[in-house]
Each structure stands twice: as C-alpha cells, then as structure tokens.
C-alpha cells in the first residue's frame, strides 16, 4: 500500500471510546427497570426493541454489508471498518444481552417457562437459539472484530490476514443472520400463543 493511501485510510481510524459505556450502562439500567418493574408491557417493549435492533443489524451486516466489504479494496474496507467497529463493539453485545435477558424474564412472567411439552419445545428452541447467537456473537464475532480493527490500525496492515479474518467473520455473520430468521419464526409462534 502506498504511503499516501495508507495515510488517507489512517485518517479515518477511530479509537474505541470508553465514553460509550455511558449509554451501555443506561441501556442496562432500562433493562433492569423493566425487569424489576410491574409492567409486562414495558418488559415486552424492551425485549422486542432490543431484539428488532439486534436482528436488523445482524441481517444487514451479514447479508448486505459483509458481502460488500469482501469485494472492496483494502483502503476502502479499512475506512469503513475503522469507523464502524468502535461503535459495534459496544452496540451488539449490549443488544444481545438485553434481548436474551429481558426475553427470559418476560417468558417467566408470562408463564412460558412453566408450559408442558410439546409446547415447551418452542421455549427450548428460543432458549437454544438465543444462547447460540449470544455465545457466537460474544465469543467469536467480537474477538474477530477486534483482531480486524487492530490489524487495520497498524501502519502496514496485513491484507492477507484481514482477508482470512473477514471470510471467517462473514461466514459467522451469515450464520447469525440465519439464526436470527429462525428466532423470528419461533417468536412469531410465541406471539400467536403456544
């Protein structure tokens, strides 16, 4: 990569801003208020809103942005990722944790955790899918995001390494998107009654 291209791409490098933890804490405070409060409506709202955002962003990243990033030049990929990842590192874990936690407490409050089989298979499917989504997101995709981000921040990023990481990341995000569609199907069943 020429020095001018590296400097141009380096101009867009954004730091991971710890002040983002303020809005993360605020989001968790809203979740705790919904769980501890008496309103099922509010708890449902927090669960659904976080779930819609998590699902929408996962689907957009996996099926729209991911394939685009695989095909653009390293300087363009660097510019996009260095702006996007510092925010995503805070946003996606927050949404995934709030969605699953609020959903679990909502299911308990509504009585879905006490239903008998075969209806409980729907509950088991929801719990299993959310567990896989959360573990994969926090344990696989977030570390890959960090590796790509820190590699791109280097003066001379290793394009081959970034390419390998991006291929793995895009496959993971596509799998996340597929599971997001599956959880929507399960949630539609919950919404229509077990």
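Readers should treat all values here as calculations from the given coordinates under stated rules, not as data from a laboratory. Quick caveat, the model's predicted, so the values are computed rather than measured. Cβ atoms come from the backbone with ideal geometry, glycine included; neighbour counts cover every protein chain shown.
Springs between Cα atoms under 10 Å define the GNM used for the chain, and in it the highest mean-square fluctuation of 110, 80, 148 occurs at 110. Using the Cβ-Cβ distance between residue 124 and residue 87 with R0 = 30 Å, the FRET efficiency computed as 1/(1 + (r/R0)^6) comes to roughly 0.35. Between residue 53 and residue 167, the simple label model (points 7 Å from Cα in the Cβ direction) yields a spacing of 3.5 nm.
Maximal additional length on extending the residue 181-residue 44 stretch stands at 47.4 nm, based on 0.36 nm per residue less the C-alpha distance.
Which shape class applies to the chain: rounded if a/c is under 1.5, otherwise prolate when a/b exceeds b/c and oblate if not, where a ≥ b ≥ c are the square roots of the Cα gyration tensor eigenvalues? Prolate, since a/c reaches 1.5 and a/b exceeds b/c.
Helical runs (DSSP H, four residues minimum) scored at -39500 (n - 2.57) apiece and divided by the length of the chain put the mean residue ellipticity at 222 nm at -27000 deg cm²/dmol.
Taking Cα atoms only, the orientation of helix 142-153 departs from the longest principal axis of the chain by about 20 degrees.
Taking every C-alpha pair closer than 8 Å and separated by at least 6 residues, the mean separation divided by the residue count of the range 16-100 gives a relative contact order of 55 percent.
Is the range 20-126 rounded, prolate or oblate when judged by the Cα gyration tensor, a ≥ b ≥ c being the square roots of its eigenvalues, rounded requiring a/c under 1.5 and prolate requiring a/b larger than b/c? Since a/c reaches 1.5 but b/c is at least a/b, the shape of the range 20-126 is classed as oblate.
What angle, in degrees between 0 and 90 and rounded to the nearest 10, separates the Cα long axis of helix 74-110 from the longest principal axis of the Cα atoms of the chain? Orientation of helix 74-110: about 10 degrees from the principal axis. Rounded to two decimals, the Cα radius of gyration of the range 81-194 over 2.2 N^0.38 Å is 1.32. For the chain, the longest principal axis of the alpha carbon atoms and the long axis of helix 20-36 meet at an angle near 10°.
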